[in-house]
Amino acid sequence: MKSLLNSLTIKEKIGQLAQLAPFFFISNLSVEVTGYVRDLHLDKDKIFSSGSVLGIGSAEEMIKVQKEYLSNSRHKIPLIFMADIIHGYKTIFPVPIALASSWNPDLAKLTARISAVEASTSGIHVTFSPMADISRDPRWGRIVEGFGEDPYLSGVFAANMVEGYQNDGIDKPGNLASCVKHFAGYGASEAGRDYNSVDLSRIQLFQFYLPAYKKALDAGARLVMSAFNTLDGIPCTTNSFLLRDILRDKWQFSGVTISDYDSLQQTIAHGYASNRREAAKKGIIAGLDIEMASTTYLSFLEELIDSKEVDLTLLDEAVLRILELKRDLGLFENPFKGADPELETKIVLSEENLEKSQECARESIVLLKNNGILPLKNTQKIAIIGPYANSKKTVGPWSWHGLRDFHETISEVFEDQVIFTSAASDQNELTISDLAKIEKADVILLALGEFDQQSGEAHSRSDITLPGNQASLVELVKRIGKPCVVLLHNGRPLVIEKILNADAIVECWFMGSRHAKALKEILLGRVNPSGKLPISFPKSMGQVPLYYNHFNTGRPYLNELDDNEYVSKYLDIDNSPRFSFGFGLSYSTFSFSNLKLSSEIMPENGSIFVSVDVLNEGPYDGLEVIQLYLRDYVGQVVRPVKELKAFQKISISNQEIKTVSFTITLADLSYMMPSGEMVYDKGEFCVMVGNSSDKLLHANFFLC
Ligand code: BGC
């Protein structure tokens, strides 16, 4: 690759760092082009020396763009095609926050695998996924794109996504290169407002926010996307502490870095660069390789190199990494890699892939409340009311290629049992004749929730209750005296205090192509629910940020019986969430007993074996998630009250007891100091095992 690099002119090298939209190369595209790039006017030389393309609609378009490019460029280095394949390409899987609720990382791998196979037939080479941003603030709309509040769970899911996309090598057909994003700390945006400032201490950054990206990179992710926010007052896109000190020096990352959409140019709005020229200079010096959507590199890098303000070696290093990625993708052998208009139509939306989507959806549903009304009987007459009763918008945000019309609605799948459906989102929208029909039903399903576009990028909310007057539907059904099951649709935790008196509450999130079918299986008890929340649900917006792995404080609030006034609490509400991290019911009851440690002493070079008995008290076979948390009682810096360190999802038959075991090693007890140094503490630790972060058996041991 070095000789290819040396054969390029400076202009051509700079071109490799530019990522443009496909419309620069051809017109009449199927994908809509929005925003700043639409208004750019670039000359032909710049266009035909650029290095990659953002978003492409089909194999045919990809082939056209690549052909046009290769016939017009001097060096004939193929373009890389990148796109956002977030939770499926044509076959849509549960949104990431839902997938994380499955606590089954194999499913993450599976969804990524199928997405890669489908998307690569359209000629896509890189996906901007996974999003490994931790968030503790449900006002932030992008919570839907991530795996929740916990570094360990998010890291495991992010790593499995990477493995699914990249599979046995990015050069092989049907595989994509994975770009982990948004580096770093994007989910900590203040007040949950998207694109807002982030203020993270080094402890927060190292212990909670960085580990999930790191796991994705350890799994082999080939690219890293910088975040829109600032960190320590410096935009992440031009932040050399992140892009050089952490990524390159500490983590030895040798892949490609890429800005977020237009984020290099946005350093001007941040007040970190006075103009586009300075933005370009700061970007390349900080270690940013590809500039997505804006064109400050194209416009100013040459001049910056000529004036010796930027060293040519910085440009060469960045270009070499991009050329190596092209080589590893196999683009020099086949610039049209993957793009296959015929296969594209055959492979996508196959029944087999849809089946897999349903499998993922089944495990992603979380049962939050059940007073015994569920499972329903297939002889019961059902009324379905609410904005999602007849809606096809259950695929969720960020599914640009997902074909909505193809999916069944909830009313459609219950066809033989439904006696009434209505899209009403307020009791006042129902007429007297509607009420008469509803009264004939045995059970009312209320398909409620946020609208699908109320979460996702730029979709933060200050009020995270159910929109409008949807809660009034629960009041109505209670007044009528019928059992009522709420089916919640949302891309973030909601405050649902007003509907807690429903007989059952099912967290559906947005589950993709087979949303309704999977839901039916759960509601009728053909599948026993097994999802667990990957994020806490607050009782009140005033509790946010609310997360299970908090510090103890100097004046911890123990419980409601504690009448000490001067403790860390509110006057008007207790500290606990409505639904805790790791919580989720089953139609069976699982009881935990016999927590045993192989020893009360763990030597530094040794390990401890933990076992627990889990009994399925029945009455159904089911899957249960066994969660292991640790607490380090005294640290060199204060440590969280508990941290998830391991989990296993296992199947346990009705009345069966299974003994589940884990091994704890020094790595589980170690953590990062603000300096970035990894340390551990000798002394007492607590190990906790159970099926929710608020329901755990405890045992202590000493590290000696
Ligand atoms: C988003 C990224 C996405 C990129 C390209 C940005 O607005 O923040 O997550 O990958 O656009 O579509």
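The values are calculated or read from the model by the stated rules, or taken from the named source; none is laboratory data. For clarity, every value in this text was computed on a predicted model and none was experimentally measured. Neighbour counts run over all protein chains shown; Cβ positions are idealised from the backbone, glycine included. In case anyone asks, the SASA skips ligands and DNA or RNA and just uses the protein heavy atoms, side chains included. Shrake-Rupley method; radii C 1.70, N 1.55, O 1.52, S 1.80 Å.
Miscellaneous remarks
- The set of residues from the range 263-310 being part of a loop (DSSP other than H, G, I, E, B) and open to solvent by less than 20 Å² (accessible area, probe 1.4 Å) comprises Ser263, Leu264, Ala273, Gly287, Leu288, Asp289, Ala293, Ser294, Thr295, Val310.
- The range 58-79 - residue that is in a loop (DSSP other than H, G, I, E, B) and open to solvent by 10 Å² or more (accessible area, probe 1.4 Å) and, of those, nearest to the ligand (Cβ to nearest atom): Ser58
- Residue count for the range 226-241, restricted to those that are part of a helix (DSSP H, G or I) and either within 16 Å of Arg321 (Cα to Cα) or within 16 Å of the ligand (Cβ to nearest atom) (or both): 2
Residue by residue, here is whether (1) among the hydrophobic types (A, V, I, L, M, F, W, C); (2) within 18 Å of Asn104 (Cβ to Cβ); (3) over 31 Å from the mean Cα position of the chain (by Cα) holds:
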{"site": "Glu624", "(1), (2), (3)": "no, yes, no"}
{"site": "Leu630", "(1), (2), (3)": "yes, no, no"}
{"site": "Arg639", "(1), (2), (3)": "no, no, no"}
{"site": "Lys658", "(1), (2), (3)": "no, yes, yes"}
{"site": "Met672", "(1), (2), (3)": "yes, no, no"}
{"site": "Met678", "(1), (2), (3)": "yes, no, no"}
{"site": "Gly683", "(1), (2), (3)": "no, no, yes"}
{"site": "Ser692", "(1), (2), (3)": "no, yes, no"}
{"site": "Leu696", "(1), (2), (3)": "yes, no, no"}
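- Output for the range 438-469, where each listed residue is open to solvent by 60 Å² or more (accessible area, probe 1.4 Å), within 19 Å of the chain's Cα centre (by Cα) and away from the ligand (no atom under 16 Å from the Cβ): Phe451
- Apart from one condition, Leu247 fits all of (1) touching a Gly at 6+ places or on another chain (Cβ under 8 Å); (2) within 16 Å of the ligand (Cβ to nearest atom); (3) not in a loop (DSSP other than H, G, I, E, B); the exception is (2).
- For the range 189-228, the set of residues classified as among the acidic types (Asp, Glu) and either buried (at least 17 other Cβ atoms within 10 Å of the Cβ) or in contact (Cβ under 8 Å) with a residue 60 or more places away in the chain (or both) consists of Asp194 only.
- Selection within the range 80-112 - part of a loop (DSSP other than H, G, I, E, B) and away from the ligand (no atom under 15 Å from the Cβ): Lys90, Thr91, Phe93, Pro94, Ser102, Trp103, Asn104
- Answer residue from the range 359-375, given it is open to solvent by less than 10 Å² (accessible area, probe 1.4 Å) and in contact with a helix residue (DSSP H, G or I) (Cβ under 6 Å, 6 or more places away or on another chain) and is farthest from Gly396 (Cα to Cα) among those: Val366
Here is a yes/no grid of residues against (1) part of a loop (DSSP other than H, G, I, E, B); (2) free of Cβ contacts under 8 Å to residues at least 12 places away in the same chain; (3) touching a Lys or Arg at 6+ places or on another chain (Cβ under 9 Å):
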residue: Tyr548; (1), (2), (3): yes, no, yes
residue: Thr553; (1), (2), (3): yes, no, no
residue: Tyr566; (1), (2), (3): yes, yes, yes
residue: Ile573; (1), (2), (3): yes, no, yes
residue: Ser576; (1), (2), (3): yes, no, yes
residue: Phe581; (1), (2), (3): yes, no, yes
residue: Ser591; (1), (2), (3): no, no, no
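- Ser122 being more than 14 Å from the ligand (Cβ to nearest atom) and farther than 15 Å from Val348 by Cβ: no
- Of the residues Asp613, Asp668, the single one that is modelled with pLDDT of 95 or more and in a helix (DSSP H, G or I) is Asp668.
- Take the conditions (1) under 30 Å from Arg362 (Cα atoms); (2) in contact with an Asp or Glu (Cβ under 9 Å, 6 or more places away or on another chain); (3) open to solvent by 50 Å² or more (accessible area, probe 1.4 Å); Val660 misses just one of them, which is (3).
- Where a residue in the range 661-673 is touching a residue at least 12 places away in the same chain (Cβ under 8 Å) and more than 18 Å from Val638 (Cα to Cα) and its partner, wherever it lies, is open to solvent by 50 Å² or more (accessible area, probe 1.4 Å) and outside any loop (DSSP other than H, G, I, E, B), with Cβ under 7 Å and at least six apart: Ser661/Phe609; Thr663/Ser607; Thr663/Phe609; Ile664/Ser607; Thr665/Ser607
- Filter pass, Val156 being within 27 Å of Phe583 (Cβ to Cβ), of a type in the set (Val, Ile, Thr) and open to solvent by 10 Å² or more (accessible area, probe 1.4 Å): yes
- Listed by first and then second residue, the pairs linking a residue in the range 333-346 that is touching a residue at least 60 places away in the same chain (Cβ under 8 Å) to a residue that is open to solvent by less than 70 Å² (accessible area, probe 1.4 Å) and among the β-branched types (Val, Ile, Thr), with Cβ atoms under 6 Å apart and 6 or more places separating them unless they lie on different chains, are Phe336/Ile63; Ala339/Ile63; Asp340/Thr121; Leu343/Thr121; Glu344/Thr121.
- Residue satisfying all of: in the range 502-520; under 23 Å from Asn691 (Cα atoms) and over 24 Å from the mean Cα position of the chain (by Cα); surrounded by the fewest Cβ atoms within 10 Å (Cβ to Cβ) among these: Asp503
- Among the conditions (1) closer than 18 Å to Leu354 by Cβ; (2) open to solvent by 30 Å² or more (accessible area, probe 1.4 Å); (3) at pLDDT 95 or above, Val413 misses just one, which is (2).
- For the range 671-689, the condition holds for no residue, the condition being that it is polar (S, T, N, Q) and assigned to a strand (DSSP E or B).
- Within the range 619-678, being touching a Ser or Thr at 6+ places or on another chain (Cβ under 8 Å) and acidic (Asp, Glu) holds for Asp621, Glu624.
- All conditions but one from (1) within 16 Å of the ligand (Cβ to nearest atom); (2) closer than 18 Å to Gly233 by Cα; (3) of a type in the set (D, E, K, R) apply to Asp262; the one that does not is (2).
- Filtered by the rule that a residue be within 14 Å of the ligand (Cβ to nearest atom), of a type in the set (Gly, Ala, Ser) and either over 13 Å from Ala219 (Cβ atoms) or free of Cβ contacts under 8 Å to residues at least 40 places away in the same chain (or both), the range 162-184 gives a lone residue, Ala184.
- Look at (1) within 29 Å of the chain's Cα centre (by Cα); (2) surrounded by fewer than 24 Cβ atoms within 10 Å (Cβ to Cβ); (3) among the aliphatic types (A, V, I, L, M) and you find that Ala339 fails only one, number (2).
Residue-by-condition table, conditions (1) within 14 Å of the ligand (Cβ to nearest atom); (2) touching a strand residue (DSSP E or B) at 6+ places or on another chain (Cβ under 8 Å); (3) assigned to a helix (DSSP H, G or I):
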site: Ile114; (1), (2), (3): no, yes, yes
site: Glu118; (1), (2), (3): no, yes, yes
site: Ile134; (1), (2), (3): no, no, no
site: Val144; (1), (2), (3): yes, no, yes
site: Asn160; (1), (2), (3): no, no, yes
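- Flag if Lys649 is within 17 Å of Gly683 (Cα to Cα), in contact (Cβ under 8 Å) with a residue 60 or more places away in the chain and open to solvent by 30 Å² or more (accessible area, probe 1.4 Å): no
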